[in-house]
Amino acid sequence: MHVTKKRNEQQFSVPAMATQEGDDEPPDPGSCLAGTPALPIPRRSGRLVRFPAHRTGILNPAVRSFRKKHFPGVPTKLWNDWQWQTSHRIRTLAQLERMISLSEMERAAFERSETVLPLGITPYYMSLVSPDDPDQAIRRSVIPTVHETVHAPGEADDPLGEDAMSPVPGLVHRYPDRVLLLLSDFCSTYCRYCTRSRVVGHGAIHPSRNRLERAFTYIEQTSTVRDVLLSGGDPLMLGDEKLSWILSRLRQIPHVEIVRIGTKVPAVLPQRITPRLVRMLRQYHPLWMSLHFTHPDECTPESYRACAILADGGIPLGSQTVLLKGINDNVETMRGLVHHLLKMRVRPYYLYQCDPITGSSHFRTPIETGLSIIRGLRGFTSGYALPTYVVDAPGGGGKIPLMPDYVVEREADALVLRNYENKIYRYPEPCNA
Ligand code: SF4
């Protein structure tokens, strides 16, 4: 193991609540797509079930007391404004010190200033962070530690080889029938284990009209592409109008059958999910959403409300969860998470083995941990609660599913199988097989 070299002098040095241009600025909703024709966002389109929480505001007592302590005087309406949340993200050591007692490992991360990812946490998500316990799951997923500066063997900045599979900037074409389109590199909250930590938060990927038009042209000219996944950064950090233009542009391409949006917003910034946003999104069905939930503590009343608005808008919801050491790497935590997700009408979709990104060794578990979690879930809970456990093959091999070994033996006329209770059964193969 050796320590990574210093890569970004500006980390953690942006003043509190900064508004100057630079890295990690939210995309300006008005700049690059001004004058772009987009479908108007209907004031009422169909019947969206009213969820009273979006009017009543803060639902979670922990959130309420955090706001009272650290943002006194901020009215509920402002607290529930996603743009206020975005512009008041916690971005500096000084801000953090006012809210939590930093451990030595956390403080050392700031002193070395060598981590790749900037710091960014919405006030809402910060309210879920334990002020005293550095081992709390939510805290570990967003507060940097000095472990991020350790470069273990086999780790790489771009372990999935995405850069080599980008025919145009910000578009990854790995599988024949689908592409990944990165809209921006901005997230409201940065996960310390992010696979794209080499790009997110650095102000390198802009949702500029020129770049996106190059991507649209590539998709138009590649008739095998039937599925476009919008990701980043977080696509939902763009304004409604800009998103509407992007979706309407994709919908003009006849062979694009479905569009998917990958987002962590319902977990870290549920205020972003508004009835207005969903009225816009539902114009572009079939539209799917891959959410990113990591731990049951993220499943707050606010997140339940956000998922309810999306589900009521007819958007199929799946969740992708990264398996993380000390955060969710046991059956009990994972069971709690997938049960919450089903109640939120979110289908647990993938459980990812953590990618070997630079500085991730403190987050990565042995493969056997993931297999034992799947073994501890299958048969003990609803089949719908079971995500597919996958390794994204380093170098760009794509997702490879992993399963506990339920096949004990292959006999000439039967398959010998083990069930979830470890009992053995023989399944007779058909005679003409
Ligand atoms: S939300 Fe997604 S893209 Fe953004 S930091 Fe987290 S893992 Fe990375």
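Readers should treat all values here as calculations from the given coordinates under stated rules, not as data from a laboratory. What you are looking at is a predicted structure, and each value in this text was computed from that prediction instead of being measured. A quick note on method: Cβ atoms are made from the backbone with ideal geometry, for glycine too, and the neighbour counts reach across all protein chains shown.
Taking a point 7 Å from the Cα of Cys431 along the Cα-to-Cβ direction, the residues of the range 398-412 with backbone N closer than 20 Å to it are 411-412.
Share of pairwise Cα-Cα distances greater than 36 Å in the chain is 27 percent (whole percent). Ranking of Ile219, Ile373 by neighbouring Cβ atoms within 10 Å, starting from the fewest: Ile219, Ile373. Beta bridges from DSSP with both residues in the chain: antiparallel share about 40 percent, rounded to the nearest 5.
Considering only Leu238, Ala156, Phe216, and ranking their Cα positions along the charge dipole of the chain that arises from unit charges at the beta-carbon of Lys, Arg, Asp and Glu, the one farthest toward the positive end is Leu238. Across the chain, Cα pairs under 8 Å and at least six residues apart give a relative contact order of 17 percent. Filter the DSSP H helices in the chain by two things, a Kyte-Doolittle mean of at least 1.6 and an axial alpha-carbon span of 27 angstrom or more, and list the hits by number. Both cut-offs are met by no helix. Within the range 163-401, the proportion of C-alpha pairs whose separation exceeds 33 Å stands at 15%. The value of relative contact order for the range 163-401, using C-alpha pairs under 8 Å at least six residues apart, is 14 percent. Computed from point charges on the beta carbon alone (+1 for Lys and Arg, -1 for Asp and Glu), the dipole magnitude for the chain about its Cα centre is near 1720 Debye. FRET efficiency for the Glu368 to Glu111 pair, using the beta carbon distance and R₀ = 25 Å, is estimated at 0.10.
For Asp132, the shell of other residues with beta-carbons less than 13 Å away shows a net charge of -2, using +1 for Lys and Arg and -1 for Asp and Glu. Full extension of the segment from Asn422 to Lys69, taken as 0.36 nm per residue of separation minus the current Cα-Cα distance, would add 121.9 nm.
Using a simple spin-label model with pseudo-atoms 7 Å out from Cα toward Cβ, Phe380 and Ser248 lie 5.1 nm apart. Summing charges over neighbours of Ile327, with a neighbour being any other residue whose Cβ is under 12 Å away from its Cβ, gives +1 when K and R count +1 and D and E count -1. Shown for Lys242, Lys325, Lys423: other C-beta atoms within 10 Å of each C-beta, ranked fewest to most, produce the order Lys423, Lys325, Lys242.
Lysine pairs in the chain with alpha-carbon atoms under 21 Å apart, 8 or more places apart or on different chains: how many are there? Close lysine pairs found across the chain: 7.
For the range 163-401, the share of DSSP beta bridges that are antiparallel, to the nearest 5, is 25%.
Before rounding to the nearest 500, sum -39500 (n - 2.57) across all DSSP H runs of length at least 4 in the chain and divide by the residue total; then give [θ] at 222 nm in deg cm²/dmol.
Numbers: 15 runs with 122 residues, N = 433.
That calculation yields -7500 deg cm²/dmol at 222 nm.
Normalised by 2.2 N^0.38 Å, where N is the number of residues, the C-alpha radius of gyration of the range 376-433 stands at 1.47. Note on Leu342 and Ala62: the extension gain reaches 98.5 nm, defined as 0.36 nm multiplied by sequence separation minus the Cα-Cα distance.
Given R0 = 30 Å, the distance between the Cβ atoms of Thr222 and Leu402 translates into a calculated FRET efficiency of 0.45.
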